[in-house]
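What follows is a set of notes on a single structure, which appears directly below.
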Amino acid sequence: MPELPEVETYRRFLDEVILHQPISAVEVFDRHVLAVDEDALRRRLVGQIVVATRRLGKNCFLEFADGSALVLHFGMTGDVGAYRHDYDVPRFTRVAFHLADGLRVAFIDPRKFGRIRLTDSLEQYQKDKKLGPDALGISLEELSQVLRKKKTLIKPLLLDQSITAGLGNWIVDEVLYQAKIHPERRANTLTDAEFSSLYAAIQSVLKTAITQEATYRQFPANFLIHAREWDESATPGTDQHRFCPRHQKEEIAKKYVGGRATYYCQICQPEPSESI
């Protein structure tokens, strides 16, 4: 599922190919991904120029001069691409935006859970969807202020897009592991030092993932993600990826927290002593 790092990678790609190019046509291969009338979409876009690309959480915005924007949400399998000729159209392209220079920008989505819509502004979309500050833009003060009042488990809170937008399941597990916080700690029990560690981990994990263009196999060997039953790239030819990078004889534990599969180290992230 495209998370914040993937969407930021898509945004940077779009920033390179679509800015300041008039949209000459909109080609719809599958209306299922449209959350707006096809004719209305075409009337709104044809002749428009994208002046900026922006991102909020897992949402990408192609912004026009009047502040309105096309919103791309990538669902479970969404992606973007570019091509010039019909014979090069990427598989599973659902919508293509034709640019004046001949390039076509593809919205690709095999499972068709992604959505394309219009909004009057990013701020209006954020309000309508009840999204919190972007996870890369939120400050330590903002994060700790909202969390320290909550008696809820920390993992579901970090997944709550109304608190901070953009943190998905594997990212939250990674953040909590790096910060050495158990996923079932209640938020109001965290100390100031733990809030600082949590915030620093959010920034570090997201920036690392973006730098590596969300290619998980290239993540550092001390990242928990290698233990999520995915790959042994950090420790080729061994099963060491199943164990804690800090405590190499401690196998990474798995349980369900808030209904989500959760990975953690029982040594690094000791179980909370308070009743939960």
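No lab work stands behind these numbers, since they all come straight from the coordinates. As the structure is a computational prediction, the values presented were derived from the model and not from experiment. Here the Cβ positions follow ideal geometry from the backbone for every residue, glycine too, while neighbour counts run over all protein chains shown.
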Percent RCO, i.e. relative contact order, over segment 140-264, from Cα pairs under 8 Å lying at least 6 residues apart: 23 percent
For segment 4-129, report the % of Cα-Cα distances exceeding 23 Å. 21 percent
Residues 243, 113 in order from fewest to most other beta-carbon atoms within 10 Å are 113, 243
Compare the peptides 89-97, 142-150 by average per-residue count of other Cβ atoms within 10 angstrom and give them in order, highest first. 89-97, 142-150
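Quick one: net charge of residue 257's neighbours, Cβ under 11 Å, K/R +1, D/E -1? Write down the numbers at each step before the final one.
Numbers: positive: 155, 185, 254, 255, 260; negative: 173, 184.
The answer is +3.
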Quick check: pseudo-label points 7 Å beyond the Cα along Cα→Cβ at residue 246 and residue 113, how many nm apart are they? 3.2 nm
Percent of all alpha-carbon pairs of segment 35-87 at distances over 14 Å, whole number, is 64 percent
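Could you grab the relative contact order for segment 4-129? Cα pairs under 8 Å, six or more apart, rounded to a whole percent. Intermediate results must be reported in sequence, preceding the final value.
Details: 253 pairs, mean separation 37.0, N = 126.
So the answer I get is 29 percent.
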Which of 73, 247, 85 moves the most in a Gaussian network model of the chain with Cα springs under 10 Å? 85
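Go through segment 20-81 and name the chymotrypsin sites (Phe, Trp or Tyr not before Pro) that are in a DSSP coil and have 14 or fewer other Cβ atoms within 10 Å of their Cβ. Kindly include the intermediate steps, with their values, before the conclusion.
On the way: sites: 29, 61, 64, 74; in loops: 29, 64, 74.
Passing both the DSSP loop test and the Cβ count: 29.
With an 8 Å cut-off on Cα pairs and a minimum separation of 6 or more residues, tell me the relative contact order of the chain in percent. Don't skip to the end; give the middle numbers.
On the way: 516 pairs, mean separation 43.9, N = 276.
Relative contact order, the chain: 16 percent.
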Given springs between every Cα pair under 10 Å in a Gaussian network model of the chain, which of 87, 199, 125 has the largest fluctuation? 87
q = 0.22 Å⁻¹: log10 I(q)/I(0) that the Debye formula gives for segment 121-211, counting C-alpha atoms only: -1.10
If I stretch the segment between residue 85 and residue 48 completely, what's the gain in nm (0.36 nm per residue apart, minus their alpha carbon distance), one decimal? 11.1 nm
Under 27 Å between alpha carbons: how many lysine pairs meet that in segment 140-264, if sequence neighbours fewer than 8 apart on the same chain are excluded? 20
Cross-link partners among aspartates and glutamates for residue 58, C-alpha distance below 14 Å, same-chain residues fewer than 8 apart left out? 3, 6, 8, 79, 134, 160
The chain -> Rg/Rh from Cα coords, Kirkwood Rh, value 1.02
Which Cys residues of the chain have no other Cys beta carbon under 4.7 Å away? 60
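Could you work out how much longer the chain between residue 212 and residue 128 gets when fully extended? Use 0.36 nm per residue separation minus the Cα distance between them, nm to one decimal. Don't jump to the answer; show the numbers that get you there.
Values: separation 84, 0.36 × 84 = 30.24 nm, distance 3.21 nm.
Additional length available on full extension: 27.0 nm.
222 nm [θ] for the chain, helices only, -39500 (n - 2.57) per DSSP H run of 4+, per residue, to 500?
Working: 7 runs with 75 residues, N = 276.
Using -39500 (n - 2.57) per qualifying helix, the result is -8000 deg cm²/dmol.
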